[in-house]
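First up is the structure itself, then whatever we jot down about it.
The values are calculated or read from the model by the stated rules, or taken from the named source; none is laboratory data. Being a predicted model, the structure only gives us computed values, none of them experimental. Neighbour counts run over all protein chains shown; Cβ positions are idealised from the backbone, glycine included. SASA here: full protein model, heavy atoms, side chains in, ligands and nucleic acids out. Shrake-Rupley method; radii C 1.70, N 1.55, O 1.52, S 1.80 Å.
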Amino acid sequence: MTVDPNAATQSWPAREPERRTHPARYLVPALVAAAVAVALGAYGKIHDPAGTAFNIAGFSSTGAVKSWLATGAFFFALVQLVSALMLYGRLPGPSWSSTLHRWSGRVAFLLAVPVAVHCLYALGYQSYESRVLWHSLFGCFFFGIFSAKMLLLRWERLPGWLLPIVGGLVFTALTILWLTSALWFFRTFGVTT
């Protein structure tokens, strides 16, 4: 038996051909995001607003509580942004920047939840002026896109551009929420507790 020196060599064991992911794969997170956003908006619209949901001792009003919680969430979202830039090599960062990214995201979300619960339960979905309409829309969008991001984090073989885009949408939505709520409150009523 003769061996052809020009024949292609194979590695052992034979590698499986690379599978390309179909774009429809990303339909599930998009549908979940839309379902969450629509469900929150529908609940806020059909629910009779209760007027108040909570108040914390030491604060002058629920508006102050919500504004400070939202400001805390926005601060940790900024930490998320900086730590994401470190993870993607756009900024120099410590070896624990992934831990910082994960925990700052958890804290931001935990601070945002009571604000959202109060907004939905006490105020509902409102549209009587443009600031309030944008706040309502982006509140629903924020929790929808956040849900999609959490689903995508568990998937393998994502395109390198997808998580930064979805994370950027989460950050943008939270920024608009903060601008249309906490910043507005502080500018209107002063920086109070």
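Scanning region 128-152 for residues that are over 18 Å from residue 113 (Cβ atoms) and out of contact with any helix residue (DSSP H, G or I) (no Cβ under 7 Å at 6 or more places or on another chain) returns 128, 129, 130, 132, 133, 137.
Could you go through region 172-179 and let me know if any residue there is in contact with a Gly (Cβ under 9 Å, 6 or more places away or on another chain), crowded, with 20+ Cβ neighbours inside 10 Å and free of Cβ contacts under 8 Å to residues at least 60 places away in the same chain. Don't jump to the end; show me each part of the working.
Taking region 172-179 and keeping what is in contact with a Gly (Cβ under 9 Å, 6 or more places away or on another chain), we get 173, 177.
The next check asks that each one be crowded, with 20+ Cβ neighbours inside 10 Å; those that pass are 173, 177.
Next, only the ones that are free of Cβ contacts under 8 Å to residues at least 60 places away in the same chain stay: 173.
Yes; the residues of region 172-179 include at least one that is in contact with a Gly (Cβ under 9 Å, 6 or more places away or on another chain), crowded, with 20+ Cβ neighbours inside 10 Å and free of Cβ contacts under 8 Å to residues at least 60 places away in the same chain.
Residue 45 meets each of the listed conditions (1) more than 23 Å from residue 150 (Cβ to Cβ); (2) out of contact with any Phe, Trp or Tyr (no Cβ under 8 Å at 6 or more places or on another chain); (3) open to solvent by 70 Å² or more (accessible area, probe 1.4 Å) apart from (2). Residues in region 7-37 that are at pLDDT 60 or above and open to solvent by 100 Å² or more (accessible area, probe 1.4 Å): 20, 22, 31.
For the subset of region 121-134 comprising residues that are open to solvent by 40 Å² or more (accessible area, probe 1.4 Å) and either in contact with a strand residue (DSSP E or B) (Cβ under 9 Å, 6 or more places away or on another chain) or in a helix (DSSP H, G or I) (or both), which member is nearest to residue 162 (Cα to Cα)? Show your work before the answer.
Narrowing region 121-134 to residues open to solvent by 40 Å² or more (accessible area, probe 1.4 Å): 121, 123, 125-131, 133-134.
Filter once more, so that each one left must be either in contact with a strand residue (DSSP E or B) (Cβ under 9 Å, 6 or more places away or on another chain) or in a helix (DSSP H, G or I) (or both): 121, 123, 130-131, 133-134.
Values: 121: 33, 123: 34, 130: 31, 131: 30, 133: 28, 134: 25 Å.
Here the residue is 134.
Within region 138-154, being more than 11 Å from the chain's Cα centre (by Cα) and open to solvent by 70 Å² or more (accessible area, probe 1.4 Å) holds for 153, 154.
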